[in-house]
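K.L.:
A single structure is presented below for examination.
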Amino acid sequence: MKKLKTKLLTLASILIALLTIPYYIDAQEITRQEYIERFAPIAKQKMREYRIPSSISLAQGLLESGSGNSRLAREANNHFGIKCHREWTGETFLYDDDTKNECFRKYLSPEESYHDHSLFLIQRPRYAELFKLDILDYNGWAHGLKQAGYATSPNYAQHLIRVIEENRLYLVDQEVVNEHLVIAKVLIQHQEKPDVKQMNRNFQKFSEAPYQRTIYLNNKKLFVFARTNDSWFSIAKDFDMKMMRLLKINDHDNHNHQLCEGSMVYLQCKRARSAEKPHHVQHGESLHSIAQLYGVRLRNLARNNGIHKNSQLNAGEVIKLK
């Protein structure tokens, strides 16, 4: 009887051990590096689709989900701590956060969580200013998220920046920007003359946009090439922008300026300078055409060279870009 009891206890111990093996396997924590390797492709895709830096998405995912190890991430696939809110009609998950049993969104997969995170940011007006920032400005995005109230932690921005810099997530952003290097033919238009001059320059393809338009990157700013029969109104409409803002971005005072096929039309405010070498003026160029070519604001280019923005330029003249 004693031997039988001992055997039963031994069998019970073995059974318990076997039953707990899956638990320990499942409970094994994911490292930061494993998390980045798994979710970087998803973050990069969301950067292409919604212009949210992948470094920011990954850093938020790492922080909010504890590198995918939090209960919210494991049981609800929620990697960004997004709560239910009124508009949510999907599954929910009760979880203790600021208060007990708060309602969080539950997803079928982490990929769905990443997609909903993108929609969460682009559909809320309080985050609109973030999309005006340079796509590589992760510092600005981090501070902007905190100011817009994404998290209650007073050091949220610093935490995000630390995660990005410790794991060099900014390189993931750069990968997206540098994915497609294309050769584009730029038509440089003189302001006062209808004729154009063609030049070859390398521009980085950023993404495909609606209405079969391709967006390019120049001096860290997004632009498109005008197509046949394009107008300021048609481009503004395609990108859901106000026409007067589009004109201002491109240093024009009114919409009467006719667009020619191949003209560069910026979708973001140009920069104050360019890191490129000084430009040697070619016949027929104007200060405005040079400003467009290098993605520099016309007033800054004029000020930096000590000339008026409508000054007549001579071939061979040197224009400083820095």
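The values are calculated or read from the model by the stated rules, or taken from the named source; none is laboratory data. Here the structure is a predicted model, which is why all the values come from computation and not from measurement. Ideal geometry is used to build each Cβ from the backbone, glycine not excepted, and the neighbour counts take in all protein chains shown.
K.L.:
Within the bounds of segment 237-244, is there any residue that is in the same structural domain as Arg297 (by TED's automatic domain parsing) and closer than 25 Å to Leu313 by Cβ?
P.N.:
No, segment 237-244 contains no residue that is in the same structural domain as Arg297 (by TED's automatic domain parsing) and closer than 25 Å to Leu313 by Cβ.
K.L.:
In addition: Report the residue count in segment 68-121 for those that are part of a loop (DSSP other than H, G, I, E, B), farther than 18 Å from Phe39 by Cα and not basic (Lys, Arg).
P.N.:
Final tally of qualifying residues: 12.
K.L.:
Now for a separate question. Do we have any residue at all in segment 224-235 that's touching a His at 6+ places or on another chain (Cβ under 6 Å) and crowded, with 17+ Cβ neighbours inside 10 Å?
P.N.:
yes
K.L.:
Taking Glu285 as the residue in question, decide whether it is more than 22 Å from Leu217 (Cβ to Cβ), in a loop (DSSP other than H, G, I, E, B) and charged (D, E, K, R).
P.N.:
In short, yes.
K.L.:
I want to confirm something. Restricting to segment 281-320 and keeping residues that are among the hydroxyl-bearing types (Ser, Thr, Tyr) and more than 30 Å from the chain's Cα centre (by Cα), which single residue is nearest to Cys269 (Cα to Cα)?
P.N.:
In this case the residue turns out to be Ser286.
K.L.:
Would you confirm whether any residue within segment 249-259 is under 27 Å from Ala128 (Cβ atoms), part of a helix (DSSP H, G or I) and either of a type in the set (Lys, Arg) or under 22 Å from the mean Cα position of the chain (by Cα) (or both)?
P.N.:
yes
K.L.:
Which residue out of Asn310, Asn300, Asn314 is in a helix (DSSP H, G or I) and surrounded by fewer than 18 Cβ atoms within 10 Å (Cβ to Cβ)?
P.N.:
Asn300
K.L.:
Report yes if Ser289 is in contact (Cβ under 8 Å) with a residue 60 or more places away in the chain and among the polar types (S, T, N, Q), otherwise no.
P.N.:
So Ser289 passes the test.
K.L.:
Continuing with the same structure: Only one residue in Asn139, Asn178, Asn167 is at pLDDT 90 or above and within 17 Å of the chain's Cα centre (by Cα), so which one is that?
P.N.:
Unique residue meeting the criteria: Asn139.
K.L.:
Would you confirm whether or not segment 9-32 contains a residue that is modelled with pLDDT of 95 or more, hydroxyl-bearing (Ser, Thr, Tyr) and assigned to a helix (DSSP H, G or I)?
P.N.:
no
K.L.:
Still on this model: Looking at segment 127-183, which of the residues that are of a type in the set (Gly, Ala, Ser) and assigned to a helix (DSSP H, G or I) is surrounded by the fewest Cβ atoms within 10 Å (Cβ to Cβ)?
P.N.:
Restricting to residues being of a type in the set (Gly, Ala, Ser) and assigned to a helix (DSSP H, G or I), the top hit is Ala128.
Residue-by-condition table, conditions (1) among the hydroxyl-bearing types (Ser, Thr, Tyr); (2) within 28 Å of Gly316 (Cβ to Cβ); (3) modelled with pLDDT of 85 or more:
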position: Lys197; (1), (2), (3): no, yes, no
position: Glu261; (1), (2), (3): no, no, no
position: Glu276; (1), (2), (3): no, yes, yes
position: Ser289; (1), (2), (3): yes, yes, yes
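K.L.:
In segment 33-65, which residue that is of a type in the set (Asp, Glu) and surrounded by 13 or more Cβ atoms within 10 Å (Cβ to Cβ) is modelled with the lowest pLDDT?
P.N.:
Glu49
K.L.:
Among the numbered conditions (1) basic (Lys, Arg); (2) surrounded by fewer than 17 Cβ atoms within 10 Å (Cβ to Cβ); (3) under 22 Å from Val176 (Cβ atoms), tell me where Arg271 comes up short.
P.N.:
(2)
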